[in-house]
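Comments concern the structure below.
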Amino acid sequence: SLGTDQMKGHNQISFLIVLSILYGHNPKSNRKIEFPDLPGYKTLVCDLHMHSVFSDGSVWPDIRVQEAIRDGLDVIATTEHIEYQPWKDDIPHPDRNRSYEYHSNFAKNSNVLVLNGSEITRDMPPGHANAIFIKDANKLITEDPLDAYLEARKQDAFIFWNHPYWASQSPDASVPLSAMHKNLIEKGLIEGIEIVNDTTFSNEALQIALDYNLTILGTSDIHGIVDWQYRIPSGGHRPVTLVFAREKTKTSLKRSLQKGQTVVWFKKKLIGKGDFLIPLINSTLEVKSAKYFTNTTVAHVTISNNSDAPYTLRNHSEYDFYNLTDLVMIPAHGEVNIDVRTIEKLRKFTLQFEVLNALTAPKTHPVIDIIVRVKQ
Ligand code: ZN
């Protein structure tokens, strides 16, 4: 009857209000990976390495796209193995662009940009590499691995070395950088390197990225289901590469990758070259208020964090704190109160912190300055 329907509608509205009140206290109630843009740049959340049933993955492309939408990704690349096709007898795969076409179609009405790519899958050396922004994956089927790289270059791809420290190809998980790799790097046939792949990280790969000026990348290389692999329901996240691009287009993205404008987000840590990592951290932190307690020279400072990164900061300032030790934690999408002993009353002072959950080189944490202007 009419009365019951009205009641039902009323109850649904009350339920929604209760939900919004509950979640209103938690500004970050979704799984979307969120980092702010930088002045002049869009921060694009990218996962540039993944598999579906079109190589050795376990899911159809619609699931990959759904996962990407749920994670708030801007960009994914389809990177099926060229040479490794274990399901080929049951899922024949004569046209190697089908994975890209399916992913693109499923992503048509979403904000996810899909790149055509392929994983050149060879013994070490050269090991595995992804060529992305390719035009025709079929032409990467070659005998000599070098020919696959050259074909990718002909198609104006961006090419990066995958998991160079993979224990299946390098038992001690070191990076077996060979003359062949150096040659590929020199010829511009390797332009980037994974320092993070799935659940693994390599200091050596990071050092090689810095030494050879390669673009720093982190990818999921997901084969199964993102939710299970990264424990999304318990607050986990997949590794991604944040790319700082002028705009969200394939052209701008490729140029930014070639220029190395990236930061990797891995197990709630940020890893990248300082020229983008430090501005990124700065853009996530904001002094919300600063005021001296009455009749004291202790300034009450509130700093907020509008990113997914929970910060652990070590105090390098010339001041110490009334309410904290030298370690300061700022939760993701939260804030911290720091009571600063400035000894005399200042209109303006600088806090300096080492960011322990970020890396600009092996064992090297960036140092940031936060300028505080005190309300008089
Ligand atoms: Zn892979």
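The values are calculated or read from the model by the stated rules, or taken from the named source; none is laboratory data. Owing to the predicted nature of the structure, the values given are computational and were not obtained by experimental measurement. Don't worry about glycine lacking a Cβ; one is built from the backbone with ideal geometry, like all the others, and counts go over all protein chains shown.
Observations, loosely collected:
- Qualifying residue in the stretch 288-295 (condition: closer than 21 Å to Ile338 by Cβ, among the aromatic types (Phe, Trp, Tyr) and not in a strand (DSSP E or B)): yes
Matching residues to (1) on the phi < 0 side of the Ramachandran plot; (2) among the hydrophobic types (A, V, I, L, M, F, W, C):
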| residue | (1), (2) |
| --- | --- |
| Phe244 | yes, yes |
| Glu247 | yes, no |
| Lys254 | yes, no |
| Leu257 | yes, yes |
| Gly260 | no, no |
| Val263 | yes, yes |
| Leu270 | yes, yes |
| Pro279 | yes, no |
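- Each residue in the stretch 100-123 was checked for being of a type in the set (Ser, Thr, Tyr) and out of contact with any helix residue (DSSP H, G or I) (no Cβ under 6 Å at 6 or more places or on another chain), and 3 pass.
- Within the stretch 60-78, the residues that satisfy the criterion of being touching a Ser or Thr at 6+ places or on another chain (Cβ under 6 Å) and not charged (D, E, K, R) are Pro61, Ile69, Thr78.
- Of the criteria (1) away from the ligand (no atom under 16 Å from the Cβ); (2) part of a loop (DSSP other than H, G, I, E, B); (3) of a type in the set (Ser, Thr, Tyr), which one Tyr149 fails: (2)
- Some residue of the stretch 225-248 being assigned to a helix (DSSP H, G or I), within 16 Å of the ligand (Cβ to nearest atom) and crowded, with 18+ Cβ neighbours inside 10 Å: yes
- Index of the failed condition, Val175 passing every other in (1) touching a Pro at 6+ places or on another chain (Cβ under 7 Å); (2) at pLDDT 95 or above; (3) in a loop (DSSP other than H, G, I, E, B): (2)
- Just one of the numbered conditions (1) of a type outside the set (Val, Ile, Thr); (2) farther than 15 Å from Glu119 by Cα; (3) part of a loop (DSSP other than H, G, I, E, B) is not true of Leu184: (3).
- Taking first residues from the stretch 201-230 that are on the phi > 0 side of the Ramachandran plot and partners that are more than 16 Å from the ligand (Cβ to nearest atom), the Cβ contacts under 8 Å between residues at least 6 apart in sequence or on separate chains come to Asn213/Gly260.
- Test: residue in the stretch 196-212 that is assigned to a helix (DSSP H, G or I), within 16 Å of the ligand (Cβ to nearest atom) and either over 22 Å from Thr121 (Cα atoms) or at pLDDT below 95 (or both): no
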